[in-house]
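Written out below as structure tokens is the structure these notes cover.
Read the figures in this text as sums done on the coordinates, not as results from a lab. Given the structure is predicted, the values throughout are model-derived calculations rather than measurements. Cβ sites come from the backbone with ideal geometry, for glycine too, and all protein chains shown count toward neighbours.
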Amino acid sequence: MKKRPILSICSIASLIVMTSTASAEDLENGRRVFRLCVACHTVDSDRNGFGPHLKGVFGRPAGSLPDYRYSEAMKTAGAGGLVWDEATLSEFLSSPKKKVPGTKMSFGGLWTTSEITDLIAYLRAFP
């Protein structure tokens, strides 16, 4: 009977280690997925490229950076209440033109939920 508590403690400890390792791997995968975006976007500075910078994107209304020329569709979406959070970014990253018809973003979208989740985790690292 005394072996069970020790076994439980070991099981819990291994779960904690595996969870923290998985989180690090997800963030690393998010960094790799972001390589698809670097031609147009930055995440570690407030410099716009062909696309708007994504530093601090969480909580930002769509189409709201004053020094970037958004499509009318993106500005209208932001004025209509579209704010970037995990849910809205997930929808947008899966199909930008479906989420914001008329966006000038030419990227077709990510294919897997894990890519989207990992990319969102990576973007969160740059408030």
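Within straight-line reach of Lys97, meaning a Cα separation under 15 Å, sit the following aspartates and glutamates at least 8 residues removed in sequence or on another chain: Glu72. Our summary gives the stretch 27-124 a relative contact order of 32 percent, counting only alpha carbon pairs under 8 angstrom and 6 or more residues apart.
How big is the dipole moment of the stretch 27-124 about its Cα centre under a simple scheme where the beta carbon of each Lys and Arg is +1, that of each Asp and Glu is -1, and everything else is neutral? Debye, nearest 20, please.
Details: 13 positive and 10 negative charges, 53 e Å.
Dipole of the stretch 27-124, to the nearest 20 debye: 260 debye.
If you sort the three axes of the alpha carbon gyration tensor as a ≥ b ≥ c, you get a/c of 1.5 or more for the stretch 73-127 and a/b no higher than b/c, which makes it oblate. For Val83, the residues whose amide H sits under 5 Å from its own are Ala62, ignoring neighbours fewer than 5 places away on the same chain, with H placed 1.01 Å from N.
Think of the stretch 19-127 as a dipole: +1 on every Lys or Arg Cβ, -1 on every Asp or Glu Cβ, centred on the Cα centre; then among Asn29, Pro96, Ala125, Pro96 lies furthest on the positive end.
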